[in-house]
Amino acid sequence: MLKVENVTKYYGDVLAVDNLSFTVNEGEIFGLLGVNGAGKTTTFRMIMSLLEPTKGKITLNNQPVGYNISEKIGFLTEERSLLTKLTVKEQVIYYGTLKGMKEEEILKKLDYWLDRFKVSEYKERKIKELSKGNQQKIQFITAIIHEPDLLVLDEPFTGLDPINVELFMSVIKEFKEKGKMIIFSSHRMEHVELFCEKLVILLKGKTVLSGSLKEIKKNYRKKVIKIIGDIDIEELKKAKGVLEVKKENLEIIVKIESDDYVDEVFKIVKKGENINKFIVEDASLNEIFVSLVGEAYEK
Ligand code: ATP
């Protein structure tokens, strides 16, 4: 288990992380979210023991994080730190050896992963000759080659096309199935919604929301109703509990204060014609995030 307990980090006078706590269990994918400057990278650096917390402690499997357990952690940093003059093979051997692996074992695994990421033809090529997305794949391979207990992924999907996002996600899910811990950051809420169970949202180092995605969605009471049909939109706008009505292509999207107002909307929809869709959905994580961060900024 990764345990972050009451961690605070100052850079001089700048408070980057303020009293942050969370845990990541085996087989869990955890999301660390926040706008630029929220404190995500600082938190990752502390987990990787590249930075000391000013206060609080971080443990992995009950041991304080530090050089002694670096073999148990694999990471993809935001600055994508590859040794660009090396070939792909040299690069992965270099990192694998640092993590205590034998060259023979590294080469066997390397062939598997290069094939899996569809970059086998670049094995003997210099890193600098690869496209950005392919460099990202190689960095990801260096992060996972030693099968770490904990994977720390800072913005792993940035710069990837949708097919490669899928590929990265499927590999990350496999690690989850194997009981590994995964912590990742992203600005893209749809990525978070797709596959993380627990999350923390940071704003200027402070935790504005934390917990399981399911609970967060349940507790956020506003709902969205999607309707297709010929309905009096003006009447909908005036109904009790309705916050917003907009039309997106064929669909009418109605935002309501809570479940309590579904009936109000339904009564109006029944008066319309050609109704062939009426679905009540939870608000998206993006909407929850914007609403929270917006509110917090205004305070
Ligand atoms: P981004 O999404 O832009 O990468 P982030 O959430 O990773 O942002 P951090 O890089 O952790 O945020 O930064 C948190 C805060 O700490 C910011 O206010 C930033 O300016 C500050 N900060 C980060 N590194 C340093 C440093 N070396 N010295 C001083 N302040 C720093």
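Ligands, DNA and RNA are left out, and with a 1.4 angstrom probe the accessible area of region 188-229 is 48 Å² per residue.
Note on the chain: with a GNM built from Cα contacts shorter than 10 Å, the maximum mean-square fluctuation among N61, N19, N219 falls on N219.
Which residue fluctuates the most in the chain, going by a Gaussian network model with Cα springs under 10 Å, if the choices are I183, I106, I58? So, out of I183, I106, I58, the one fluctuating most is I106.
The order of D260, D18, D282, D154 by accessible area, most exposed first and with a 1.4 Å probe, is D260, D282, D18, D154.
Going by a ≥ b ≥ c, the root eigenvalues of the Cα gyration tensor, does region 164-299 fall in the rounded group (a/c under 1.5), the prolate group (a/b larger than b/c) or the oblate group?
The shape class here is prolate.
Under the combined filter of DSSP loop state and at most 10 neighbouring Cβ atoms within 10 Å, region 57-139 retains these trypsin sites (Lys or Arg not before Pro): K85, K102. Pairs from the table (K3/K89; K40/K180; K109/K132; K126/K198; K9/K180) lying more than 31 angstrom apart at Cα are K3/K89; K126/K198. Accessible area ranking (1.4 Å probe, heavy atoms, ligands and nucleic acids excluded), largest first, for L33, L107: L107, L33.
Helix-only arithmetic for the chain: the sum of -39500 (n - 2.57) across DSSP H runs with n ≥ 4, divided by the residue total, places the mean residue ellipticity at 222 nm at -10500 deg cm²/dmol. The long axis of helix 88-98 is offset from the longest Cα principal axis of the chain by roughly 80 degrees.
The H on the amide N of T54, modeled in the peptide plane, is under 5 Å from the matching H of T8, K9, Y10, each at least 5 residues off or on a different chain. Of the residues Y220, Y95, Y11, the one that moves most in a GNM of the chain with alpha-carbon contacts below 10 Å is Y11.
At a 1.4 Å probe, what is the % contribution of carbon and sulfur to the accessible area of the chain? Taking all protein chains in place, the chain shows 49 percent carbon and sulfur surface.
Give the range of the longest stretch in the chain that excludes all GluC sites (Glu not before Pro) found in loop regions by DSSP and having at most 10 other beta-carbon atoms within 10 Å.
It runs 125-299.
Of all aspartates and glutamates in the structure, those lying under 15 Å Cα to Cα from K271, and not within fewer than 8 positions of it along the same chain, are D230, D232, E234, E235, D263.
Please compare each pair in K237/K270; K206/K255; K173/K214 to a cut-off of 20 Å on the Cα-Cα distance and tell me which ones are over it.
Distance filter (> 20 Å) returns K206/K255.
Accessible surface calculations at 1.4 Å, restricted to protein heavy atoms, place region 4-101 at 49 Å² per residue.
From the alpha carbon centroid of region 124-202 to that of region 41-108 is 15 Å. Dimensions of region 91-157 along the principal axes, based on C-alpha atoms and rounded to the nearest Å, stand at 29, 27, 19, largest first.
The values are calculated or read from the model by the stated rules, or taken from the named source; none is laboratory data. None of the values given here were measured: they were computed from a predicted structure. Reconstructed Cβ throughout: ideal geometry from the backbone, glycine too, with neighbour counts over all protein chains shown. What goes into the accessible areas is simple: the full protein's heavy atoms, side chains included, and nothing from ligands, DNA or RNA. Shrake-Rupley method; radii C 1.70, N 1.55, O 1.52, S 1.80 Å.
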